[in-house]
1. Whole-Hz Karplus ³J(HN,Hα) for segment 178-195, in order, using 6.51 cos²θ - 1.76 cosθ + 1.60 and θ = phi - 60°, x for Gly and Pro?
2. Relative contact order of segment 179-253: what whole-number percent is it, with Cα pairs under 8 angstrom and at least 6 residues apart?
3. May I ask you to evaluate 6.51 cos²θ - 1.76 cosθ + 1.60, the Karplus curve with θ = phi - 60°, for each residue of segment 99-109 and list the ³J(HN,Hα) values in order in whole Hz, giving x for glycine and proline?
4. Accessible surface of E216 in the full protein assembly, 1.4 angstrom probe, to the nearest 10 Å²?
5. Need one value: the accessible area of D280 in square angstrom, 1.4 angstrom probe, rounded to the nearest 10.
6. Hey, can you find the accessible area per residue of segment 52-134 for me, probe 1.4 Å, expressed in square angstrom?
7. Under a 1.4 angstrom probe, counting protein chains only, how are E153, E88 ranked by accessible area, largest first?
8. Rounded, prolate or oblate: pick one for segment 167-234, where a ≥ b ≥ c are the square roots of the eigenvalues of its C-alpha gyration tensor, a/c under 1.5 means rounded, and failing that, prolate if a/b is larger than b/c, else oblate.
Amino acid sequence: MDTFVVLLIAAVVIAALLLWFRARAGRLSTPPGAAAPAAPTTGRVDDGGFRPPASDFRVSGGDAHVEFNVPLPPGDVDAVLRDILLAEAVEVLRAKRGHLPLAGVSRVHAYAMRDQAPVAVGRLTLDGPGELPPPPPKEHPLFGRHHGVDVFEELSGPLPGVASRAPSDELASLANELRLTGMQDAGLRAQGIDPGTATTSELVAGLLRLAGYTVEGGGDAFSATRQGVRHHVEVVDHAAGSHPALSEGSIEQFMVHFGSSGAARGLLFTPKYGQFVMYDKERREPRVRFVTRERFQTFVNSVALS
């Protein structure tokens with residue numbers, strides 16, 4: 001009898017340990033059917049600013065070579081983009097100092113991508129071997145923490161042209177109609193975004209970063225935070241053959257998503273044309289803005305950096 005009791009107790013203890021380990025493994029892994037944790041946003045800097053995505057780094061003699069996954073436009077390399085990448089190449093070097101023997105480095109080379117191959121964009125000669133220039137100021141519009149611009153407030157007012165425009169059945173590419181400044185184009189490319197081929201979501205997220213917003217998440221719904229104010233952002237893209245005007249269903253769906261998001265403000269972006277119903281929505285709920293095709297250039301203008 002005593003042996004039976006001992007064996008029973010041992011079995012209970014073993015079973016309890018097995019359950020504990022199984023529960024612990026479940027907490028450490030992603031449950032079946034659950035969404036995997038989102039990958040961190042490459043190069044994001046809290047409270048505005050960003051880092052161009054570096055893809056390779058090597059030192060050869062007195063030369064440091066830094067490659068960036070940044071798409072180059074056709075033709076000559078833009079001077080603004082060149083200066084951005086050279087400045088960031090120095091910051092890559094600064095981050096690696098102390099981990100690699102860089103005391104003999106006297107030249108820094110920056111590269112970007114064209115046709116899936118690295119292309120030299122510029123070279124910086126240091127004042128002396130291993131002597132790096134000071135880092136960019138904290139208020140630098142691209143690399144540092146900065147106040148930026150309140151895009152939401154810039155988008156107040158009526159939607160231009162909604163009452164008078166009769167939209168055609170087909171919509172031209174939004175990217176081809178937008179007028180970007182040289183700094184905006186360079187700032188988007190420095191994030192790895194080609195303005196000519198970017199999706200509407202990529203374009204919106206990239207411009208919000210340039211305006212000083214911290215963008216978290218991806219796809220057609222994400223959050224953008226500036227000075228502690230979180231915005232729920234949705235993008236309704238245009239599919240070929242679909243109606244060129246934003247549907248009331250999409251508007252209502254956005255309002256539901258915004259209401260359940262807990263965000264202080266809501267922004268809907270779309271390359272489609274607007275409808276009169278949006279006036280009423282913005283009047284009744286002043287915490288939302290609809291950035292339709294008629295308002296998109298106003299959004300771009302509000303993010304002007306040059």
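1. So the J values, rounded to whole Hz, are 6, 10, 9, 6, x, 5, 5, 4, 5, x, 5, 5, 5, 8, x, 10, 8, x.
2. Reported as a whole number, the value is 17 percent.
3. Per residue, the Karplus-derived 3J(HN,Hα) values read 9, 10, x, 10, 4, x, 6, 10, 9, 10, 10 Hz.
4. 90 Å²
5. In the full protein context, D280 sits at about 50 Å².
6. Each residue of segment 52-134 exposes 51 Å² on average to a 1.4 Å probe.
7. E153, E88
8. Cα axes put segment 167-234 in the oblate bin.
The values are calculated or read from the model by the stated rules, or taken from the named source; none is laboratory data. Not measured: the values here are computed from a predicted model. We work out accessible area using only protein heavy atoms, side chains counted, and drop any ligands, DNA or RNA first. Shrake-Rupley method; radii C 1.70, N 1.55, O 1.52, S 1.80 Å.
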